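Note sheet for the following structure.
Derivation of every value follows stated rules applied to the coordinates shown; laboratory data play no part. Because the structure is a prediction, the values reported are computed rather than measured. Cβ atoms come from the backbone with ideal geometry, glycine included; neighbour counts cover every protein chain shown.
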Amino acid sequence: MALSLSFGILFASSITLLLIPCLYLVVEKNHRFVSIMLLLPLLIAASYFFVFIGIISMALFLSIAMLLLIIGVVLFVVKFFGYFPEPQAQS
């Protein structure tokens with residue numbers, strides 16, 4: 001029991017001291033890109049809700065989801081090759 005408790009404390013400490021600050025730095029440096037990449041699943045979920053309440057058909061939902069997925073992949077590739085720069089903060 002003491003061994004599992006010590007590994008849990010070690011794991012939690014490493015996440016708290018290393019992973020969380022690194023993720024904050026990544027999100028701070030790439031705020032616009034992260035915002036768009038988090039918006040895409042929200043749009044897919046909203047379009048599925050429209051299917052659920054009967055406003056659009058499942059075929060239209062699948063086409064919307066595939067279009068948003070392609071947009072996400074294109075944005076990721078564009079960001080990877082450096083063509084999607086973040087605006088510089090003005091001081």
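Some notes on this structure:
- Taking region 27-54 as the range and being surrounded by 11 or more Cβ atoms within 10 Å (Cβ to Cβ) and not in a helix (DSSP H, G or I) as the test, only ASN30 passes.
- Residues in region 1-28 that are of a type in the set (Ser, Thr, Tyr) and over 28 Å from GLN88 (Cα atoms): SER4, SER6, SER13, SER14, THR16.
- Check on LEU43, without any contact (Cβ under 8 Å) to a residue 40 or more places away in the chain and in contact with a Leu (Cβ under 7 Å, 6 or more places away or on another chain): yes
- Every test in (1) loosely packed, with under 11 Cβ neighbours inside 10 Å; (2) small (Gly, Ala, Ser); (3) part of a helix (DSSP H, G or I) is passed by GLY82 save one, and that test is (3).
- Residue match in region 3-20 (condition: part of a helix (DSSP H, G or I) and within 24 Å of PRO87 (Cα to Cα)): yes
- Single residue of region 24-38 satisfying the filter (under 24 Å from LEU68 (Cβ atoms) and without any contact (Cβ under 8 Å) to a residue 24 or more places away in the chain) that is nearest to the chain's Cα centre (by Cα): LEU38
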